[in-house]
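Trainee: The following block contains the structure, expressed as structure tokens.
The values are calculated or read from the model by the stated rules, or taken from the named source; none is laboratory data. Predicted model, so just to flag it, every value in this text is computed and none were measured. Glycine also receives a Cβ, built like all others from the backbone with ideal geometry; neighbour counts cover every protein chain displayed. The accessibility values were calculated without ligands, DNA or RNA, using every heavy atom of the protein model including side chains. Shrake-Rupley method; radii C 1.70, N 1.55, O 1.52, S 1.80 Å.
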Amino acid sequence: MKYYDKIMKGRIARSIFRTGLPTSNYRKSLVILNNLFLHIHPVKVKKSTLKFTSTFYLGALSFGLFIILVVTGIYLMFYYHPSVPLAYRDMKDLEFAVSNGKLLRNLHRWSAHAMVLIVFLHMLRVFFHRAFRPPKEFNWVIGVFLFVSTLLLSYTGYLLPWDQLAYWAVSVGTNMMKATPIIGDDIRFLLLGGNVIGENALLRFYVLHCVILPLVITMLIGVHFWRIRKDGGLSSGSKQVADGKRDMILGKNLGVSTEEVLNDRDAEK
Amino acid sequence: MENRNAQKDDSVYGRRQFFVAMGSGALALATTGGLVLTGNFLRPNVLFEPPAKFLVGKPNQYPLDSVVYLAKPKILVIREKEGYFYALSTVCTHLGCIVNWKAQEEIIACPCHGSRFNKLGEVTGGPAPKPLPHFAMNLTVDGYLEVDKNVLVDLSDVLKI
């Protein structure tokens, strides 16, 4: 502990962590505010929002799954070639020959399935808690785009093993796109890079799955989290607000109006 | 608020407004160009796909009253009792699965969503919205059957030999 203090109070550590150790509440908030990775998180959080039943941690679970998917996805990219003669072979290689390949591939696979489910449940939770109401209505819209991105990532990833299931799922899916009025044929042609599901389609799905969609979803996640903070923190359900009960205010609580807070304070006196 | 500097008056079309217009114009032009370029780039000009026009052997390889499935070009070559030929697509018109000829029941069935067609490719059941297309068949000068998937023909348009 002595050495830790010495290092953390030293010149090098102070140049990295300008605000010093989080010894007081004020310093704790400074640490959050001045850190690129933490600053997206609110400095202070309402205690009620930490209760399991107010969010079921579904948003955090989705994000956790996304992190798992990014990490395992990068691992898989070391062995996978997006080409017709190699794709299926590489998938089997990962499954049967590569050390821990089976674990990583199935982590990726199951996390992907789970993410679709959890994101959907997250959406249901927000809906039934009426947490999409102002000022959070735009964050709901971003959430819808996040849901669509999740589905698209799931769909583009589905083709990559290049097995019968993948091939026919994408056949059926892209033929559904073809049913779009006027631009349907064009969409399918652009997405597949041709008229049949072949080399071009596999490569396009790979680029979408590994580069474009992850970039899009990362940016949307950033905005989504930022907006949670800017719109006054997680919604803790509307119970406290409706009852006019004073929430444990640890931070800016926009869910309760200033008037209500003042009234409560007066009542306590 | 009162303008402290008459030259900064936004209502006058001055040098600032001119440069803003030039800048946003250039940006709009570059964006449009970029989008057109991307659109063209993503549309392949040369496709390495199976050819639409191909030979399927000689007529006497197909017995009378036979239905032969050719997996690679995804077609059924059908020779009727009377001796004439026609070629049917095996790509289901519903969502693109490959349909099968069921010899006992004399129907063409799709495994995905249960569409049913008769031997002529007409829909007899299931969700398929259109009949299976007939492809043009010809006899080449050296006596081979040729199918052209680019040319769709009418039901009655058959190859008589």
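Trainee: Put one equal scatterer on each alpha carbon of segment B:1-127, apply the Debye formula with no solvent term, and list log10 I(q)/I(0) at q = 0.10, 0.13, 0.20 1/Å to two decimals.
Mentor: With no solvent term, the Cα-only Debye profile gives -0.56, -0.73, -1.12.
Trainee: Also, quick follow-up: Could you name the lysines in cross-link range of residue A:28, using Cα to Cα under 18 Å and dropping any fewer than eight places away on the same chain?
Mentor: Cα-Cα hits under 18 Å: A:9, A:44, A:46, A:47, A:252.
Trainee: Return the value, in Å² to the nearest 100, of accessible area buried between chains A and B (probe 1.4 Å, both sides summed). Could you put the intermediate results ahead of the total?
Mentor: Values: alone 17470 and 11240 Å², together 27590 Å².
The summed interface area works out to 1100 Å².
Trainee: Using a 1.4 angstrom probe with every protein chain in place, what is the largest-first accessible-area order of A:162, A:110, A:226?
Mentor: Details: A:162 40, A:110 160, A:226 100 Å².
From most exposed to least exposed: A:110, A:226, A:162.
Trainee: Percent of accessible area on the protein assembly as shown owned by carbon and sulfur, 1.4 Å probe?
Mentor: On the way: 17640 of 27590 Å².
The computed percentage sits at 64.
Trainee: Any idea what angle helix B:15-41 forms with the longest principal axis of chain B, computed on alpha-carbon atoms, 0 to 90 degrees, nearest 10?
Mentor: With rounding to tens, the tilt is 10 degrees.
Trainee: Give me the number: length gained by fully extending residue A:117 to residue A:1, i.e. 0.36 nm times residue separation minus the C-alpha to C-alpha distance, one decimal in nm. The partial results should precede the final answer.
Mentor: Working: separation 116, 0.36 × 116 = 41.76 nm, distance 4.46 nm.
Length gained between residue A:117 and residue A:1: 37.3 nm.
Trainee: Compute the orientation-averaged projected area for chain A from the convex hull of its Cα atoms and round it to one decimal in nm².
Mentor: Details: hull surface 82.0 nm².
Approximately 20.5 nm², given one-decimal rounding.
Trainee: Still on this structure, please answer the following. Using the beta-carbon distance between residue B:68 and residue A:133 and R0 = 41 Å, what value does 1/(1 + (r/R0)^6) give for FRET efficiency, to the nearest 0.05? Working shown, then result.
Mentor: Details: r = 64 Å, r/R0 = 1.56.
E(calc), rounded to 0.05, equals 0.05.
Trainee: Right, something else. Tell me, what is the per residue accessible area of segment B:53-153 in Å², probe radius 1.4 Å?
Mentor: Values: 5050 Å² over 101 residues.
Per residue, segment B:53-153 has an accessible area of 50 Å².
Trainee: Which of the cysteines in chain B are isolated, no other cysteine C-beta under 4.7 Å?
Mentor: none
Trainee: A further question follows. Can you compute the helix-only [θ] at 222 nm over chain A? Use -39500 (n - 2.57) per DSSP H run of at least 4 residues, normalise by all residues, nearest 500 deg cm²/dmol.
Mentor: Numbers: 14 runs with 177 residues, N = 269.
Computed ellipticity for chain A at 222 nm equals -20500 deg cm²/dmol.
Trainee: Then there is this: Going from most exposed to least, what order do A:224, A:39, A:113 have by accessible area with a 1.4 Å probe?
Mentor: On the way: A:224 30, A:39 55, A:113 80 Å².
Final ranking, largest accessible area leading: A:113, A:39, A:224.
Trainee: Need one word for segment A:1-143: rounded, prolate or oblate. Basis is the Cα gyration tensor (sqrt eigenvalues a ≥ b ≥ c); a/c below 1.5 gives rounded, then a/b vs b/c decides. Can you show the working numbers first?
Mentor: Values: a/c = 2.92, a/b = 1.33, b/c = 2.19.
In terms of gyration-tensor shape, oblate.
Trainee: Multiply the residue gap between residue B:26 and residue B:150 by 0.36 nm, knock off their C-alpha separation, and tell me the result in nm, one decimal place.
Mentor: On the way: separation 124, 0.36 × 124 = 44.64 nm, distance 4.38 nm.
Net length gain for the segment: 40.3 nm.
Trainee: Same structure, new question: Of all the stretches in chain B, which is the longest one without any exposed loop site, taking trypsin sites (Lys or Arg not before Pro) in a DSSP loop (any state but H, G, I, E, B) with at most 12 other Cβ atoms within 10 Å? Show your work: numbers first, answer last.
Mentor: Values: sites that count: B:4, B:81, B:160.
Answer from the scan: B:82-159.
Trainee: Looking at segment A:62-139 from every direction and averaging, what is the projected area of its Cα convex hull in nm²?
Mentor: Values: hull surface 26.0 nm².
Orientation-averaged projected area of the Cα hull: 6.5 nm².
Trainee: Then there's this: Under a crude label model (7 Å from the Cα following the beta-carbon direction), how far is residue B:41 from residue A:110 in nanometres?
Mentor: 4.0
Trainee: Which residue, A:146, B:70, A:23, has the largest displacement toward the positive end of the dipole of the protein assembly as shown when charges sit on each Cβ (Lys, Arg +1; Asp, Glu -1)?
Mentor: Positive-end residue among those listed: A:23.
Trainee: Continuing with this model, one more query. One quarter of the convex hull surface, Cα atoms only: what value does that give for segment B:53-153 in nm²? Can you show the working numbers first?
Mentor: Details: hull surface 25.2 nm².
That works out to 6.3 nm².
Trainee: Here is a further query. In Å², and per residue, what accessible area does chain A have when probed at 1.4 Å with the other protein chains present? Could the numbers behind the result be given before it?
Mentor: Values: 16920 Å² over 269 residues.
Spelled out: the 1.4 Å probe surface of chain A, per residue, equals 63 Å².
Trainee: Run the dipole for segment B:53-153 about the Cα centre, Lys and Arg Cβ at +1, Asp and Glu Cβ at -1, nothing else charged, and hand back the magnitude in debye, nearest 20.
Mentor: On the way: 11 positive and 9 negative charges, 58 e Å.
Charge dipole, segment B:53-153, about its Cα centre: 280 debye, nearest 20.
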